[in-house]
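Laboratory data are not the source of any read-out in this text; all were calculated from the coordinates shown. Computed from a prediction, not measured in an experiment: that's the story for all the values here. We place every Cβ from the backbone using ideal geometry, glycine too, and count neighbours over all the protein chains shown.
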Amino acid sequence: MDKIDVGRKILSANEIFALKNRQLLARSGKPCFNLISSPGSGKTTLLVRTITDLKDALRVGVIEGDLQTDIDAERIRATKAPAIQINTEGACHLSAAQVNQALAKLPVEGLDVVFIENVGNLVCPSAFELGEDGKIVVLSVAEGDDKPVKYPAIFAKSKVLLVNKIDLLEGARVDFDLDRVRADARRLNKTIEIFPVSAKTGEGMQNWYDWLTGQIRSR
């Protein structure tokens, strides 16, 4: 009896839509970044702060992935940025086909950059290309400094690591070794850009903004 590799078949179908997304975005000249993290790392807060701080310079569109609800999409829409909600109904990652449908609803031509906020998970989303220009992994200091070692795939594949909630390091409120994170991440990925930031206080955010605007200008 012939055997079907279901995993390979699913990934192949995903790659077809990822290519369609990449071609669509390339024709429009719009960079797209896939934001990945554990739940509670502050992805949405980072996006809201970025959109708000750069509102006079960048037009941002967001594709929001969640298991349920549109709470995060509503937070994005409150900034006046367009946001398309995708509810995965239990799936631990977004698929390229879902992103393709969302891109059709976004006013891509009128944007400068598209963010995909993936489902909160450091494992599943790292295996699925969505047609993005790069992955951005967010790690909050509250999660611990061992995550690059425990979840190497996403750190190895990401262009940027945003170490969020660094305001919690003041007064040693959390036990977190930033130097260890830098060393472990760069052992996996020599070219990864690492920006310690606080989306709450704004500390370090300008370095992230400079990188982002540089990526957009280069397109």
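Quick look at the values:
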{"item": "Label-point separation in nm, R77 to I16, each point 7 Å along Cα→Cβ", "result": "3.2 nm"}
{"item": "Karplus-derived HN-Hα couplings along region 192-209 (A = 6.51, B = -1.76, C = 1.60, θ = phi - 60°), whole Hz, x at Gly and Pro", "result": "5, 8, 10, 10, x, 9, 10, 5, 6, 9, x, 4, x, 5, 4, 4, 5, 5"}
{"item": "Sequence of T69, T79 once ranked by neighbouring C-beta atoms within 10 Å, starting from the fewest", "result": "T69, T79"}
{"item": "For the chain, size of Cβ-based charge dipole, Lys and Arg +1, Asp and Glu -1, in debye", "result": "600 debye"}
{"item": "Isotropically averaged projected area of region 122-199, using the convex hull of Cα atoms (one quarter of hull area), nm²", "result": "5.0 nm²"}
{"item": "Computed over region 1-129, Cα set: Rg, Dmax in Å", "result": "15.2, 61"}
{"item": "Order of V149, V141 - criterion: other Cβ atoms within 10 Å of each residue's Cβ, fewest first", "result": "V149, V141"}
{"item": "Compactness of region 88-136, expressed as Rg and Dmax over alpha-carbon positions, Å", "result": "11.3, 33"}
{"item": "Cα-Cα pairs of the chain separated by more than 20 Å (percent)", "result": "57 percent"}
{"item": "For region 126-139, 3J(HN,Hα) per residue [Karplus equation, 6.51 cos²θ - 1.76 cosθ + 1.60, θ = phi - 60°, Hz, x = Gly/Pro]", "result": "5, 8, 10, 6, 10, x, 6, 7, x, 9, 10, 9, 10, 10"}
{"item": "Convex hull (Cα only) mean projected area of region 24-65, reported in nm² to one decimal", "result": "3.6 nm²"}
{"item": "The chain - share of DSSP beta bridges that are antiparallel (%, nearest 5)", "result": "0 percent"}
{"item": "Average projection area in nm² (convex hull over Cα atoms of region 55-179, one quarter of hull surface)", "result": "9.0 nm²"}
{"item": "Options A127, Q101, I63, ranked by Cα towards positive dipole end of region 43-154, top entry (Cβ charges)", "result": "I63"}
{"item": "Residue order, fewest to most surrounding Cβ atoms within 10 angstrom, among R173, R182, R217", "result": "R217, R173, R182"}
{"item": "Segment D70-K55, length gained on full extension (0.36 nm per residue, minus Cα span)", "result": "3.2 nm"}
{"item": "Under-5 Å amide H pairs with V60, H placed in peptide plane, nonlocal only", "result": "D112"}
